[in-house]
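Before any comments, here is the structure.
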Amino acid sequence: MITMKQLKSREEWLEMRKYSIGGSDASSILGLNPWKSNVKLWLEKKGIEKAEDISNKAIVKFGIDAENSIRELFALDHDNFEVQYLENNMWVNDKYSFAHASLDGWLSYKGDEDNIKGILEIKTTNMEWADRIPDYYYTQILHYLMVTEFDFAILKARMKRLDGDIIVKHYMIRRKDVENDIKLLAEKEKAFYESLKGDKVPNLILPDI
């Protein structure tokens, strides 16, 4: 059973996400996060080390401030979608009791009798990507598809180049095309969660960079 609840405040949301695995944790668990290893994440989840507070970083603050405007612009540009969002949302799935998902938005096609559902993921960054989504963002999307069991995800990326130019790209990820990746991620996340419960530090996985 998949359910979504809206927590009362950002503080409550921050507290609740400590107790399960979220989308931003997925890349660390797979050893694909160049800034945080799986062992570092494990120590943070256990409360042995404190997670770095990045809320005051300029790019993070910009992303938070810009998110609503970008979501509204997406809705205007894609009027075939119904775009929904609630602050401090948290999705859970009985199949994956170790995980939660907090979405930037969720999508449905207007007038769609098949009830096809999708995820809207918004990223703002001060570097330009190539055509390929970075692994640490791709795994986050896989995680959200795993928890929600939605049919697709759209990543809207606003990238600011060093010369000041703004580039906006949209990436479509269809669930049917990434089922094997979702299955692998679910297995790795479950094993990581079991290591937390069993107080067994996982073997360090170094990112291939």
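Going by average Cβ density within 10 Å per residue, which order do the peptides 32-42, 14-24, 192-202 take, highest to lowest? If you can, show how the numbers build up before the last one.
Numbers: 32-42: 18.4, 14-24: 16.5, 192-202: 13.9.
Packing proxy ranking, top to bottom: 32-42, 14-24, 192-202.
Of the candidates T148, T124, T139, which one comes out as most mobile in a Gaussian network treatment of the chain with C-alpha springs shorter than 10 Å?
Per the Cα network of the chain with a 10 Å cutoff, T124 tops the list.
About the Cα centre of the chain, how large is the charge dipole given +1 on each Lys and Arg Cβ and -1 on each Asp and Glu Cβ? Please answer in debye to the nearest 20.
About 580 debye.
Considering only T148, I48, S69, whose Cα is most displaced toward the positive end of the charge dipole of segment 2-197, charges sitting on Cβ of Lys, Arg (+1) and Asp, Glu (-1)?
Checked the options; the winner is I48.
What does the charge dipole of segment 85-209 about its Cα centre add up to, to the nearest 20 debye, if the Cβ of each Lys and Arg holds +1 and the Cβ of each Asp and Glu holds -1?
The dipole magnitude comes to about 140 debye.
Return one number: the angle in degrees, 0 to 90 and rounded to the nearest 10, between the long axis of the Cα atoms of helix 179-197 and the longest principal axis of the Cα atoms of the chain.
40
To the nearest 10 degrees, how steeply does helix 135-148 sit against the main Cα axis of the chain, on a 0 to 90 scale?
With rounding to tens, the tilt is 80 degrees.
Under 13 Å from a point 7 Å along the Cα-to-Cβ line of H78: which residues of segment 94-111 have their amide N that close?
Residues 104-110 fall inside that zone.
Which entries of K36/K197; K8/K110; K123/K160 have Cα-Cα distances beyond 22 Å here?
Numbers: K36/K197 20 Å; K8/K110 29 Å; K123/K160 11 Å.
From K36/K197; K8/K110; K123/K160, over 22 Å: K8/K110.
I'd like the distance separating the alpha-carbon centroids of segment 9-46 and segment 120-156, in whole Å.
17
Can you give the charge dipole size of segment 152-196 about its Cα centre, rounded to the nearest 20 debye, using +1 on the beta carbon of Lys and Arg and -1 on the beta carbon of Asp and Glu?
The dipole magnitude comes to about 260 debye.
A short reminder: the numbers here are calculations on the coordinates, not readings from a lab. Owing to the predicted nature of the structure, the values given are computational and were not obtained by experimental measurement. Here the Cβ is made from the backbone with ideal geometry for all residues, glycine too, and neighbour counts use every protein chain on show.
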